[in-house]
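In what follows, a structure is listed as structure tokens, so that the remarks can point back to it.
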Amino acid sequence: MATEPATDFSFERPATYEEEARREGAHGVSPWRLALRRLKRNRVALAFGFLFIVVVGLCLAAPLWANGPAHTDPFKNHLTETIVLDGKKTNVVSLEGTPIGPTWKGRFFLGADTNGRDTAVRLLYGGRNSLLIGCAAALITACLSVLLGTLAGFVRGFTDTVISRTLDVIWAFPVILLGVALGTALSLQGLELGPVKVGADSKLIPILIISVVYVPYMARPIRGQVLALREKEFVEAARAQGANPLRIMVSEILPNLSSTAIVFVPLLVANAILLEAALGFLGVGVKPPEPSWGTMIGDGVKHILSGPHLAIVPGLMLVTTVLALNVFGDGVRDAFDPRATVRVEH
Amino acid sequence: MGKFGRRAVVLLVACLSLFVIAACGDDDDDGGGGGGGGGGQTGGEISIGTVGPDNADPVLWQTLQAVQAFAPAYVPLMTYAHEEGSAGAKVIPGLAEEVPEPTNGGKTYAFMLRKGLKYSDGSPVKASDFENTIKRLLKLGAAWSGFFTGIEGAADFTEKGDFSADIPGIETDDKTGKIKVTLVQPDTKILYALAEPYAAPTPAAKSPAKSLKQPPPGVGPYTLEVVDFSRKWVLKKNPNFPDIPDIPKANFDTINIDVSDNVTKLTQDVISGTLDFMTEDPTGDQLPEVREKYPERIKEEPNPPNTYYFFLNVTLPPFDKQEAREAVNYALDSNALVRVFGGRLQPSCNFLPPQLVGYKELDCKYGDPSKPGDIDKAKELVKQSGYEGQDVTVWTNNKDPRPAIADYYRDVLNQIGFKADIKTLDQQVYFEQVGLKRNKAQTGFTDWFQDYPHPGDFFEPLLSSEALKAEVTFNEGFVSDPFIDKKLEELRGKTPEESADEWAELDDYVINKKAYVAVYGGEKSTSFFSERMDAENCAGIHPVWKNDWLQFCKKG
């Protein structure tokens, strides 16, 4: 974990779409269509994008599995129950507390946890939580970053100083440490900002924590890009036509930031899911009894010898999802801006 | 017989003579002390692994790890018998000549120091050192200082904070070695508190020691030294320790105390023999392996006596209704919780643990605690209470297996008709938060490990109105019942032995008649030894200190 800003935000924008398009023999094609064409050619990225969609689909289908073959829900304890395996009655959790391993059948397909809860069911429901938090946090981060980056870069002066220094302060903290500190502080009473109250057990808490800690990683490159864009001829032209700053920001600057934002989103989602898992692992993410991949790994690690499936299964899901998002994200980046080397590192 | 043969005979005779002398010397060393030890091999050194004592000052420690290290080095005026099981809960004379009978209507205890006592540094033990220790406890606000505020003038002393001031309730005479302790009101618990190592006299001039990380000298079979506070402590045989009946002498020359917070590694080290004992329980994952592979080296006992239960806040819905509280008691299935505890739970319905005087197995109205709960009956009671569908937040903390305990409890509450959720706090802040009235904790996890083997140590802090006077109370259910308060008042001046039946009645009242708490049992702790230790005869499982290291011995 580095405390130094490690995000590479070298956007070499002067190469115009026209130039790129001419090189690719697609003169006259819109930049979006061009990017899409490039993405379609990247089979690896598409395959991993598809893998991500499969993971999302599986997680969305969690109730079907829970109510169908598994006959349970993610919260139900089956501590003293037995199931019949190969004609033999088997404890879901032994008297010594060791949970059953994968049965590869409907009930306890991936085994049970130490409370006798169905691991497969919790894995799917946990995925819903991890993905929800990851996606929501990434979207909030993206919106906040675009807003703050644009304001800082376009208005400059005092506004820029305040925003940039605030981002520097957030950046100065290691991401996980800051996340844990915020999570611990908010775990008792929740968050109260004037009339807005968020309960300590709400999923909004990890969403907000993750959104805030990642803002500098996106807002700073956006600010850099806005600083360059505000000096462009089309902005000068808009200014000469009497457009006010708000109009220039909305009509001239923002459309030119869209591809950067799009490139960032999948990578931010991947990082947000990872951070959620880290927070869950450390006990300050999703609150029990709600599952998430991070909390499942955290609980499973304590029983890695007697029930290795408890940590390995959610770990594999996490790796698969993040890998899929990262490879797809790289593909999107290559498609939208082949020269950019956007990474979100911490 | 040739020249070489003659030499061999001479050598053999010399060896035998040395052996006899050495054996006699050993006898001498071990003489005097009684109790403890299974008569195994003594001498040499052993190593004990622990997550560490929490303080080097004998008046400031709070943990079980610390008391095990301090007990062999700090013998108080009274002490506990060095015996396994319930016998170890008996108060016996330590530095004082005998256990005093209270006078002045049960308010005054007179002790006489044994003659010729010396601290480990060779300085004489003075009666006034005892008062100095109690003053330090009170002045420093030590965790156990509350046990001594019943001494006449102690509350004033604490309030004024003037260390040079006298505590009128403690009179000492250095010439005769007489110590008189006078209480505000009769309270037999004082003898138990005085038997703990934090009440052991230490030389006033050297307490605290020059370095806050070094313990002051004490009187005990061993001398405690801190080599590196967070890594290594050492107990060395104390040459100045006199013969005191029923207090064993040091079995080893040195006991190394290796500190590490990695319990997994500690367990591995005991398995491999690098360590001879560990103060911790093998982690949930290693325990089944240890049980299976080394059954002769591990012992499991619900020790020190403890009670695990869910507190039920009687001032808030739904547990302000007895039906709702009874419903919880009916629904709990200790067999499920045994699994959550990895097999280390001994199911019980009693509030008092079985090892305590006053324990009488209850005829539990909610059914046999080792059988499944009665969910149907519980549902019916919830309906009767009028709180069906009521939101309930189960409070717990993040120390394993407490989140799992709370999740089981949440599931049970949902089954019987409540809408339950969980609130998990960090274990460092948990008890101070649930003990604050303003946090309105409805129900949740709690446990109690005895401070000293007296039933009052369970009822007074956990269920009395007196306990509610503190800002943060251990009476998390906010129980304020005149019957309990009156009974506790009556029993305060009686010894547990003479009032055992009355304590048992109180237990019955709390569980069967009022359902103030939902008890599910006591946790067994483990004692895990290396191959060379005699775990069978010298495990030293003690009801106060968990393990009495003075009883440890090697095989053979």
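Looking at region B:205-222 only, could you name the residues that are under 15 Å from B:Pro53 (Cβ atoms) and in contact with a strand residue (DSSP E or B) (Cβ under 8 Å, 6 or more places away or on another chain)?
Of everything in region B:205-222, those that are under 15 Å from B:Pro53 (Cβ atoms) and in contact with a strand residue (DSSP E or B) (Cβ under 8 Å, 6 or more places away or on another chain) turn out to be B:Lys213, B:Gln214, B:Pro215, B:Gly218, B:Tyr222.
For region B:401-419, give me each residue that is more than 10 Å from chain A (Cβ to nearest Cβ) and hydrophobic (A, V, I, L, M, F, W, C). Outline the logic, then answer.
Step one: filter region B:401-419 for residues more than 10 Å from chain A (Cβ to nearest Cβ), giving B:402, B:413, B:416-419.
Hits for region B:401-419 are B:Leu413, B:Ile416, B:Phe418.
If you go through region A:302-339 one residue at a time, how many are more than 14 Å from chain B (Cβ to nearest Cβ) and small (Gly, Ala, Ser)?
The total comes to 5.
List every residue pair whose Cβ atoms sit under 7 Å apart, with the two residues 6 or more apart in sequence or on different chains, where the first one lies in region B:110-124 and is closer than 17 Å to B:Thr79 by Cα and the second, anywhere, is part of a strand (DSSP E or B) and at pLDDT below 95.
Pairs that qualify, where the first residue is closer than 17 Å to B:Thr79 by Cα and the partner is part of a strand (DSSP E or B) and at pLDDT below 95: there are none.
Considering region A:102-153 alone, what residues qualify as being among the small types (Gly, Ala, Ser), in contact with a Ser or Thr (Cβ under 9 Å, 6 or more places away or on another chain), more than 14 Å from chain B (Cβ to nearest Cβ) and within 21 Å of B:Tyr408 (Cβ to Cβ)?
A:Gly111, A:Gly126
Do we find that A:Ala261 is surrounded by 16 or more Cβ atoms within 10 Å (Cβ to Cβ) and in a loop (DSSP other than H, G, I, E, B) in this structure?
no
Which one of these does A:Val213 not meet: (1) touching a helix residue (DSSP H, G or I) at 6+ places or on another chain (Cβ under 8 Å); (2) free of Cβ contacts under 8 Å to residues at least 24 places away in the same chain; (3) aliphatic (A, V, I, L, M)?
Only one criterion is unmet by A:Val213, namely (2).
Of the conditions (1) touching a Lys or Arg at 6+ places or on another chain (Cβ under 9 Å); (2) crowded, with 18+ Cβ neighbours inside 10 Å; (3) away from chain B (no Cβ under 14 Å), A:Asn256 fails just one. Which one is it?
Going through the list (1) touching a Lys or Arg at 6+ places or on another chain (Cβ under 9 Å); (2) crowded, with 18+ Cβ neighbours inside 10 Å; (3) away from chain B (no Cβ under 14 Å), A:Asn256 breaks only (2).
Considering every residue within region B:367-386, establish whether at least one is without any contact (Cβ under 8 Å) to a residue 60 or more places away in the chain, more than 27 Å from B:Lys546 (Cβ to Cβ), more than 14 Å from every other protein chain (Cβ to nearest Cβ) and buried (at least 20 other Cβ atoms within 10 Å of the Cβ).
Checking region B:367-386: at least one residue is without any contact (Cβ under 8 Å) to a residue 60 or more places away in the chain, more than 27 Å from B:Lys546 (Cβ to Cβ), more than 14 Å from every other protein chain (Cβ to nearest Cβ) and buried (at least 20 other Cβ atoms within 10 Å of the Cβ).
Somewhere in region B:420-437, is a residue in contact with a helix residue (DSSP H, G or I) (Cβ under 8 Å, 6 or more places away or on another chain), surrounded by 24 or more Cβ atoms within 10 Å (Cβ to Cβ) and away from chain A (no Cβ under 12 Å)?
Among the residues of region B:420-437, not one is in contact with a helix residue (DSSP H, G or I) (Cβ under 8 Å, 6 or more places away or on another chain), surrounded by 24 or more Cβ atoms within 10 Å (Cβ to Cβ) and away from chain A (no Cβ under 12 Å), which makes the answer no.
Yes/no per residue for (1) assigned to a helix (DSSP H, G or I); (2) modelled with pLDDT of 95 or more; (3) within 14 Å of chain B (Cβ to nearest Cβ):
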site	(1), (2), (3)
A:Val162	yes, yes, no
A:Ile176	yes, no, no
A:Thr184	yes, no, yes
A:Gln225	yes, no, no
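Restricting the search to region B:464-478, which residues are of a type outside the set (Phe, Trp, Tyr) and touching a strand residue (DSSP E or B) at 6+ places or on another chain (Cβ under 8 Å)? Give the derivation first.
So in region B:464-478, the residues of a type outside the set (Phe, Trp, Tyr) come out as B:464-473, B:475-477.
Of everything in region B:464-478, those that are of a type outside the set (Phe, Trp, Tyr) and touching a strand residue (DSSP E or B) at 6+ places or on another chain (Cβ under 8 Å) turn out to be B:Glu476, B:Gly477.
Would you mind finding the one in A:Thr82, A:Thr90, A:Thr72, A:Thr98 that is over 26 Å from the mean Cα position of the chain (by Cα), within 14 Å of chain B (Cβ to nearest Cβ), of a type in the set (S, T, N, Q) and under 20 Å from A:Ala61 (Cα atoms)? Let's see the steps before the verdict.
Numbers: A:Thr82 fails: under 20 Å from A:Ala61 (Cα atoms); A:Thr90 fails: under 20 Å from A:Ala61 (Cα atoms); A:Thr98 fails: under 20 Å from A:Ala61 (Cα atoms).
Just a single option satisfies the conditions, and that option is A:Thr72.
Name the residue that is farthest from the other protein chains (Cβ to nearest Cβ), counting only residues in region B:280-301 that are touching a strand residue (DSSP E or B) at 6+ places or on another chain (Cβ under 6 Å) and among the hydrophobic types (A, V, I, L, M, F, W, C).
B:Ile298
Please determine, by comparing only the residues of region B:320-347 that are more than 7 Å from every other protein chain (Cβ to nearest Cβ) and of a type in the set (A, V, I, L, M), which one is farthest from B:Leu287 (Cα to Cα).
B:Ala324
Within region B:348-366, take every residue that is out of contact with any strand residue (DSSP E or B) (no Cβ under 8 Å at 6 or more places or on another chain) and surrounded by fewer than 19 Cβ atoms within 10 Å (Cβ to Cβ) and give me the one that is farthest from the other protein chains (Cβ to nearest Cβ).
B:Lys360
Hey, among A:Pro195, A:Pro216, which residue is more than 14 Å from chain B (Cβ to nearest Cβ) and in contact with a Phe, Trp or Tyr (Cβ under 7 Å, 6 or more places away or on another chain)?
Exactly one residue qualifies, and that residue is A:Pro216.
State all residues of region B:388-400 that are at the interface with another protein chain (Cβ under 9 Å from one of its Cβ atoms) and out of contact with any Lys or Arg (no Cβ under 9 Å at 6 or more places or on another chain); if no residue qualifies, say none.
B:Asn398
Being of a type in the set (D, E, K, R) and either over 19 Å from B:Gly373 (Cα atoms) or out of contact with any Gly (no Cβ under 8 Å at 6 or more places or on another chain) (or both) is the filter here; which residues of region A:59-97 pass it? Steps first, answer last, please.
First, the residues of region A:59-97 that are of a type in the set (D, E, K, R): A:73, A:76, A:81, A:86, A:88-89, A:96.
Across region A:59-97, the qualifying residues are A:Asp73, A:Lys76, A:Asp86, A:Lys88, A:Lys89, A:Glu96.
Among the residues of region B:450-461, is any in contact with a Phe, Trp or Tyr (Cβ under 6 Å, 6 or more places away or on another chain) and surrounded by fewer than 18 Cβ atoms within 10 Å (Cβ to Cβ)?
yes
Here is a list: B:Gly417, B:Gly444. Which entry is at pLDDT 90 or above, part of a loop (DSSP other than H, G, I, E, B) and either closer than 20 Å to A:His78 by Cα or not hydrophobic (A, V, I, L, M, F, W, C) (or both)?
On the way: B:Gly444 fails: part of a loop (DSSP other than H, G, I, E, B).
Step by step, each of B:Gly417, B:Gly444 is checked, and only B:Gly417 is at pLDDT 90 or above, part of a loop (DSSP other than H, G, I, E, B) and either closer than 20 Å to A:His78 by Cα or not hydrophobic (A, V, I, L, M, F, W, C) (or both).
The values are calculated or read from the model by the stated rules, or taken from the named source; none is laboratory data. Predicted, not measured: the structure shown is a model, and the values here were computed from it. Every residue, glycine among them, receives a Cβ derived from its backbone with ideal geometry; neighbour counts consider all protein chains shown.
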